[in-house]
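Colleague: Sharing a structure with you now.
Since every read-out is calculated from the coordinates, none of them should be taken as a lab result. All values reported here derive from a predicted model rather than from experimental measurement. Positions of Cβ are backbone-derived with ideal geometry, glycine not excepted, and every protein chain shown enters the neighbour counts.
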Amino acid sequence: MTDETTPNGEEPETQEAVGPDAVETPEASEPLVDDDPILALQTEVGVLKDQLMRALAETDNVRKRSERQLADERVYAIEKFAKDLLPVSDNLARALEVLSVDARADLSEPGQKLLEGVELTQKDLHAVLARNGVSAIDAAPGAAFDPNQHQAVSQIPSEYPSGSVASTFQSGWKIGDRTLRAAMVAVSSGAPAAEAPIEPAPEAVDTASTPGEILDTKA
C-alpha cells in the first residue's frame, strides 16, 4: 500500500463512507419552506379583506352618526329660545280671547286698529316659529289623546268619544319630533249618562168611608 500525497506534499483528507441508512439533517440556519404557499397567501388575503370591510363599515357608521348629529343641531338649536317665546304667544292669545264678538263690534276705530295689530303680531310670531320647525300640537276638541303631546288635567263628560280631548286649557308646541311643551287638556269620559225619568207618585187611595157604608169593626 503506497502513501498518496498531494502536490504540495500534504496528506489528503479522508472522507467517511456514507452508508445507505445514513440520514442527512438540514442545517440549523436553513429556513423552513411552507408546504402550500398559495394557501397561506389566500388566508392572509381573506384576513386583510375582512379587516378592510370592518373598517369601511365603521367609517360609514361614523359618517351617518355625524350627519344625524348635524341635522339635529340644525333643527333643535333654537329649542331653548323657542320655549322662551311661548309665553309671548300665550299672552297674545289671552288678549284676543278676552273680547267677545259683540265687544269687538263695539270697538272704536282706534280700538279696531289696535286689535288688528295684536292679531297680526300673533300671526307673524307663529309664522316665524313655523319657519324654524316649531309648530302647534293638535289639541282641538275631539282629537285623539296622546300622552306624549297632551297633559291631562281633568276628565269630564262630553259629546266626544271617551279618551279623546274634550277641551283645551293651554296650547302645546313641538319642535321637529320633540315635544316642546305639552298641551294641557281635559279628557272626555264619554257622553253624560242619561237621567232616569222621574216616575209620578202613585195616586192616593181614599180610604174614607162613604155614607151608608158598613164598616168592618172586627179586630
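Colleague: Counting Lys +1, Arg +1, Asp -1, Glu -1, what net charge surrounds Val165 among other residues with beta carbon under 15 Å of its beta carbon?
Modeller: Details: positive: none; negative: Asp138, Asp146, Glu159.
Result for the local shell: -3.
Colleague: Compute the orientation-averaged projected area for the stretch 78-125 from the convex hull of its Cα atoms and round it to one decimal in nm². Write out the running numbers ahead of the final one.
Modeller: On the way: hull surface 13.9 nm².
Quarter of the Cα hull surface area: 3.5 nm².
Colleague: Hey, could you get me the Stokes-Einstein D for the stretch 93-158, Kirkwood radius over alpha-carbon pairs, 20 °C and 1.002 mPa s, rounded to whole µm² s⁻¹?
Modeller: Values: Rh = 15.0 Å.
So the translational diffusion coefficient is about 143 µm²/s.
Colleague: Going down the list Lys80/Lys174; Lys83/Lys174; Lys123/Lys174; Lys113/Lys174, which pairs span over 21 Å between their C-alpha atoms?
Modeller: Working: Lys80/Lys174 12 Å; Lys83/Lys174 9 Å; Lys123/Lys174 17 Å; Lys113/Lys174 32 Å.
Flagged as over cut-off: Lys113/Lys174.
Colleague: Now a separate question. Can you divide the C-alpha Rg of the stretch 40-101 by 2.2 N^0.38 Å and report the result to two decimal places? Working shown, then result.
Modeller: Values: Rg = 27.0 Å, N = 62, 2.2 N^0.38 = 10.6 Å.
Scaled against compact globular proteins, the figure is 2.56.
Colleague: When you count, for each residue, the other Cβ atoms within 10 Å and take the mean per peptide, how do 96-102, 124-130 rank with the highest first? All intermediate terms of the calculation are to be shown ahead of the outcome.
Modeller: Details: 96-102: 9.3, 124-130: 13.3.
Result, highest mean Cβ count within 10 Å first: 124-130, 96-102.
Colleague: Kirkwood-based Rg over Rh for the stretch 48-165 (C-alpha set), two decimals? Numbers along the way, then the final one.
Modeller: Values: Rg = 23.7 Å, Rh = 19.2 Å.
So for the stretch 48-165, dividing Rg by the Kirkwood Rh gives 1.24.
Colleague: On to the next question. Just the C-alpha atoms of the stretch 127-176: what Rg/Rh do they give, with Rh taken as the Kirkwood radius? Mind showing how you got there, number by number?
Modeller: Working: Rg = 12.3 Å, Rh = 11.9 Å.
When Rh is taken as the Kirkwood radius, the ratio is 1.04.
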